[in-house]
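Reviewing the structure listed below.
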Amino acid sequence: MKSKYKKIFEPLMINQMILKNRIFGASGVSADTVNELGGIVAPEAISLGGASMIFTCMCDLNDKKSRFEPTKEYALNKLNRDLIRSYVKRIHQGGAKYILEIDHVGEYHRSGKSDFSWGTIDKINEKGINVKGLDTKEMNKIADSFAQTALDAISLGFDGILFDCSSGWLMSQFLSTHYNKREDEYGGTVSNRCRFPLMVLQRIRDAVGKNYPILCQICANEYFDDGTPFDDILEMTKILESYIDCVIVVCGNDQTRLQMTKLVSTNLESFMMTASYTKKLKEVLQIPVASIGGIMTPEEAEYMLENNMADMIGLCRPLIADHEWVNKAMNNHSADIRPCIRCNNCFHVSSECKHVGCSVNPYYTQVGNPFLKEKYDAEVKKNIVILGGGPAGINAALAADSCGHNVTLIEKNTEVGGWLNYIAKEHFKSEVKRYLNYLKRQLNNSDVRVLLNTEAKKEKIVSLNPDKLIIAIGGKENTLKIEGITSINSYSIKEAICKQDTLKGTTAIIGGGVVGVELALGLAQESNRNIIIVESSDQLAKSANLIYRPSLLNKIEEAPNITTYLNSQCSKVDNRELLIEYKNKTEKIKVDNIIVSIGVSSQSERALQYYGIIEDTVMVGDINAQGNIIDAVYGGYSSGINVTP
């Protein structure tokens, strides 16, 4: 074997299915807001990229109450079968096995006021859905539906099924102490709570036979106060073991925002989140155990496999960020893996389907977009000049260089990276640091000519004879005029990040946007610091996505040394006292430092001087006051790849 990751590239047998390595694509890689089983573009690329196995998104049963929307058709209905069969063939051609995830949503079926959903007990759940407790007749019908869907999977060429007992769906609702409050033979003890899922598994196994792989996904920690104890999970998996061939382990829940941050972890969570659980499960089970959650690098995967913490590693977002993750690890090019930053913009729930994409991979969800061409060999090599070496400028340079153009990048500072150089210094931002290092490495290995410590003067640009000019000089930090602010230690965000180790005592951060709140949380890690956040609106981190924001706010609430003022204004600094207008009164607070974090403004007026040098001139990144990595990367890359022939 040529790879240094010996454990990753050991084969594994699950029942009669041979996997070529220990890395698989979890169901999130197939996530799609349109297709029932998810999209095929990303899974197809991930299969070609070396993954051994890929899961579909959740597939419902031939039962309208098994799916979210009652108007949806059965995903494997005869009108879809030829298309699905073609999906299976395409995944196989890439070299991966294709596994169908089978689910029943249970009480989360969106039944409407005149109908109901099936669950463990009669109730109105937290989403206002009328839930009826399942009786044995309906349980048997559902078990038969699971078995039929498994048979349909076989007929369509799937290599196995994933029986989902996690994430808050029906099977996990019965297993979970949070959901299952029944007082009959299907509730209470572990064996009782397993009774219905075990019935379903037995029905599936009887239908598919002993040699067809059945994988089972379970939740090791729901993160509910009344969630299932892990000792129960150990007992449950032993009960189910004789009917399954592999256990897949996740954490969290797909139904509630805070628990979702454990299922789809943010950069505020730890790495290798399920490692301690999978290690214990391996000690009691005779079947393979797989870990999903916060595993980002080949080094982490190899460490877990080598130390007997898991038999397989499931990846989702790292494979979205770089479809070639596995192949690059195989060829010992792990430093060239485009790293995921755990922003969760790829998860449709994060943006309510408004802005689904990947912050570091501009092609994710954009394949076929005429404004984002595939790489090509330029017949006519053009001179591309890029002003600014932040993420937008670097991505523009790399895109143009990959097509063979002559690229010059002008950066006024001593190093490229822009805002990333500051963000990478913050607490909880190791993923951004890894991405910054990745960009610098790609730039160093390219043919891009980089001019550091160079002002983008008009004469200099003209001398380079550009055919296209890309302006990526970034935005400028907004300032705040407060009487007396110069009488105290006051900093911009960039200045504060560079001096964060020296900021002692009480620090007031004016501006409770994402950047200000993140910095507050990082500074508060040292117990001798008191942090005050003053925000003019009624919410902190308002622009954060719907997965990251609950995670961030939860950390703020848990920090004992952070005080927040909402709907507040800072009016004056007097004798080291900050005057805060709050709830129709003025409050005085002794502070040692003030950090101004009120956003970034466009530099369009500055950019105007560069127009007229060449007709093909565009502005990308924070110069447009966008202020986020996903838009900077997409805008930069698309401007670099779209060069007029």
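So here's what we get for this one:
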read-out	value
Condition check for Val450: of a type in the set (Val, Ile, Thr) and not in a loop (DSSP other than H, G, I, E, B)	yes
Tally of residues being open to solvent by 20 Å² or more (accessible area, probe 1.4 Å), in contact with a Pro (Cβ under 8 Å, 6 or more places away or on another chain) and either among the aliphatic types (A, V, I, L, M) or without any contact (Cβ under 8 Å) to a residue 12 or more places away in the chain (or both) across the stretch 248-265	1
Residue satisfying all of: in the stretch 552-569; among the polar types (S, T, N, Q) and over 20 Å from Ser270 (Cα atoms); least open to solvent (accessible area, probe 1.4 Å) among these	Ser568
Number of positions in the stretch 400-431 that are open to solvent by less than 10 Å² (accessible area, probe 1.4 Å) and either in contact with a strand residue (DSSP E or B) (Cβ under 9 Å, 6 or more places away or on another chain) or within 24 Å of Ser270 (Cα to Cα) (or both)	6
Hey, Gly209 among the small types (Gly, Ala, Ser), within 33 Å of the chain's Cα centre (by Cα) and farther than 18 Å from Glu283 by Cα or not	no
Near pairs, Cβ below 7 angstrom, 6+ apart or cross-chain, from the stretch 209-222 (crowded, with 24+ Cβ neighbours inside 10 Å) to any residue that is acidic (Asp, Glu)	Leu215/Asp245; Gln217/Asp164
Filtered residue count, the stretch 533-551, keeping only those that are surrounded by 22 or more Cβ atoms within 10 Å (Cβ to Cβ) and touching a strand residue (DSSP E or B) at 6+ places or on another chain (Cβ under 8 Å)	3
Subset of the stretch 567-621 (residues that are farther than 30 Å from Glu459 by Cα and of a type in the set (A, V, I, L, M))	Val573, Leu578, Leu579, Ile580, Ile589, Val591, Ile594, Ile595, Val596, Ile598
Residue list for the stretch 266-312, restricted to those being open to solvent by less than 10 Å² (accessible area, probe 1.4 Å), closer than 13 Å to Val247 by Cα and of a type in the set (Ser, Thr, Tyr)	Thr274, Thr278, Ser291
Residue list for the stretch 416-437, filter: part of a loop (DSSP other than H, G, I, E, B) and among the aliphatic types (A, V, I, L, M)	Val416, Ala424
Identity of the residue in the stretch 147-160, of a type outside the set (Phe, Trp, Tyr) and in a loop (DSSP other than H, G, I, E, B), that ends up nearest to the chain's Cα centre (by Cα)	Asp159
Helices (runs of 4 or more DSSP H) wholly inside the stretch 227-337 that include at least 3 residues being in contact with an Asp or Glu (Cβ under 8 Å, 6 or more places away or on another chain)	257-263
Unique residue being of a type in the set (Lys, Arg), modelled with pLDDT of 95 or more and either touching a Leu at 6+ places or on another chain (Cβ under 6 Å) or not in a helix (DSSP H, G or I) (or both) when the list is Lys381, Lys440	Lys381
Residues (under 29 Å from Asp631 (Cβ atoms) and among the hydroxyl-bearing types (Ser, Thr, Tyr)) located in the stretch 456-488	Thr479
The one condition in (1) more than 20 Å from Asp164 (Cβ to Cβ); (2) within 28 Å of the chain's Cα centre (by Cα) that Arg110 fails to fulfil	(1)
Candidate set: the stretch 597-642, residues that are among the polar types (S, T, N, Q) and more than 28 Å from Gly512 (Cα to Cα); chosen: the one farthest from the chain's Cα centre (by Cα)	Gln609
Filtered residues of the stretch 208-222 (kept if part of a strand (DSSP E or B) and touching a Ser or Thr at 6+ places or on another chain (Cβ under 7 Å))	Gln217, Ile218, Cys219, Ala220
Elements of type strands (runs of 3 or more DSSP E) contained in the stretch 1-41, each with 2 or more residues being at pLDDT 95 or above and closer than 21 Å to Arg85 by Cα	17-19, 23-25
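For (1) open to solvent by 10 Å² or more (accessible area, probe 1.4 Å); (2) in a loop (DSSP other than H, G, I, E, B); (3) in contact (Cβ under 8 Å) with a residue 40 or more places away in the chain, each residue gets a yes or a no:
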residue	(1), (2), (3)
Leu162	no, no, yes
Gly168	no, yes, yes
Gln173	no, no, yes
Thr177	yes, yes, yes
Arg182	yes, yes, yes
Gly188	yes, yes, no
Ser191	yes, no, yes
Phe196	no, no, yes
Met199	yes, no, yes
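Residues checked against (1) under 30 Å from Tyr5 (Cα atoms); (2) among the basic types (Lys, Arg):
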{"site": "His333", "(1), (2)": "yes, no"}
{"site": "Ile337", "(1), (2)": "yes, no"}
{"site": "Ser351", "(1), (2)": "no, no"}
{"site": "Lys373", "(1), (2)": "no, yes"}
{"site": "Val380", "(1), (2)": "no, no"}
{"site": "Val385", "(1), (2)": "no, no"}
{"site": "Asn406", "(1), (2)": "no, no"}
{"site": "Ile410", "(1), (2)": "no, no"}
{"site": "Asn413", "(1), (2)": "no, no"}
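Conditions tested, residue by residue: (1) surrounded by fewer than 18 Cβ atoms within 10 Å (Cβ to Cβ); (2) farther than 19 Å from Gly393 by Cβ.
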{"residue": "Ile471", "(1), (2)": "no, no"}
{"residue": "Gly474", "(1), (2)": "no, no"}
{"residue": "Thr479", "(1), (2)": "yes, yes"}
{"residue": "Thr486", "(1), (2)": "yes, yes"}
{"residue": "Ser490", "(1), (2)": "no, yes"}
{"residue": "Ile493", "(1), (2)": "no, yes"}
{"residue": "Leu503", "(1), (2)": "no, yes"}
{"residue": "Ile510", "(1), (2)": "no, yes"}
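The values are calculated or read from the model by the stated rules, or taken from the named source; none is laboratory data. Fair warning: this is a prediction, and the values are worked out from it, not measured in the lab. For neighbour counting, all protein chains shown are included, and Cβ atoms are generated from backbone atoms with ideal geometry for every residue, glycine included. We work out accessible area using only protein heavy atoms, side chains counted, and drop any ligands, DNA or RNA first. Shrake-Rupley method; radii C 1.70, N 1.55, O 1.52, S 1.80 Å.
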